[in-house]
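> This is the structure, below, for whatever I ask next.
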Amino acid sequence: MGAVYSAPIAGALFAVEIVLATVSIRAGAIALAVSLVADVIARPVTHDATTYPWPGDGMTPMSLLWSIVVIPIALVIGMMFTELTRGAHPQRHRRVALSLPLAGVAVGLVAIPLPAVPGNGKAVVQEILTAHPSVPALLALTVAKPVLTALCLRAGATGGVLTPAMATGAAAGGGLALLAEQNGVAGVSVAVWALLTGAAVLAVSQNAPFFAAVFAWELTRPSPWLLIPLAIATFGSWFPVRSRGGYPPPAPAPRASR
């Protein structure tokens, strides 16, 4: 992760907070060292470029306010995303030859009106930061992205849910920001609202607020001051999940039929 996304700190936090699920100075130091080495080795290819171009928006009083307002919104979206994807185990049986193509057809049909929906979610965030799509398109992506991700996983596809979760939150935040702009709310930044919502949904779905805040920042590298609203949004959204003990372990995937 540190090498691919040019995000060494987030890579180390992913290893400690999600993979190892432990708080240990020794584990953190080793993870950070490995992630930094990977990032340095990959730089001739990645050129230390950010994953997403940032429009230059910084922290404002409105972004601080949104980091609080977004907490219940991200909590609901994150929990819904988690429930959809956790129950979508790959179906390891002979019907996968039929289910996977059908899932692909479904994605293709939805992609006709929503071209950003295929893939891991990068296109969704990219479009929000550079093109400012319409409110209906963003709200549709908020629903379509998690549903199609779960559908493909259930059909037998394998893959992660980090960027799909962030893309789902970013679509919701971007859509709400455009709605606020259209209704005369001053000081709204579509990019900031989308980034904060995407990070908060990721924190809820992965039960990892440190990782979510730093990962969102390293993907875009805006002003360091934006880490303050990012921390408020991610920890505020994650805390109710933490207070109830986190998510129960997923049920085992079904065995192959004989």
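The values are calculated or read from the model by the stated rules, or taken from the named source; none is laboratory data. These numbers come from a predicted model, not from an experiment. All Cβ positions, glycine included, derive from the backbone under ideal geometry; neighbour counts span all protein chains shown. To get the accessible areas, we keep the full protein, side chains included, count just its heavy atoms, and leave off ligands, DNA and RNA. Shrake-Rupley method; radii C 1.70, N 1.55, O 1.52, S 1.80 Å.
> Using a probe of 1.4 angstrom, how much of the accessible area of the chain is carbon and sulfur, in percent?
70
> Do you know the relative contact order of the chain, to the nearest whole percent, from alpha carbon pairs under 8 angstrom that are 6+ apart?
For the chain, the relative contact order is 27 percent.
> Still on this model: Given a Förster distance of 51 angstrom, what is the FRET efficiency for Trp225 paired with Thr158, based on the Cβ-Cβ distance and rounded to 0.05?
0.85
> Counting pairs of alpha carbon atoms under 8 Å apart in space and at least six apart in sequence, what relative contact order in percent does the stretch 107-258 give?
Computed over the stretch 107-258, the figure is 18 percent.
> Given labels modelled 7 Å from the Cα in the Cβ direction, how far is it in nm from Arg95 to Ala27?
3.9
> For the chain, what is the accessible area per residue in Å², given a 1.4 Å probe and the full set of protein chains? Could the numbers behind the result be given before it?
On the way: 12440 Å² over 258 residues.
That works out to 48 Å² per residue.
> Further question on the same structure: Could you sort Ile228, Ile68 by accessible area so the largest value comes first, with the probe set to 1.4 Å?
Ranking Ile228, Ile68 by accessible area, largest first, yields Ile68, Ile228.
> At 7 Å along Cα-to-Cβ for each site, give me the label-to-label distance between Val34 and Thr130 in nm.
If labels sit at Val34 and Thr130, their model points lie 3.3 nm apart.
> Still on this model: Which of the helices in the chain meet the span-like rule: DSSP H, Cα axial reach of 27 Å or more, Kyte-Doolittle mean at least 0.0?
25-46, 61-86, 135-155, 162-182
> Next question. When the distances between all Cα atoms of the stretch 18-143 are binned every 5 Å from zero, what whole-number percent does each bin get?
The percentages, shortest bin first, are 2, 7, 9, 12, 16, 16, 17, 13, 6, 2, 0, 0.
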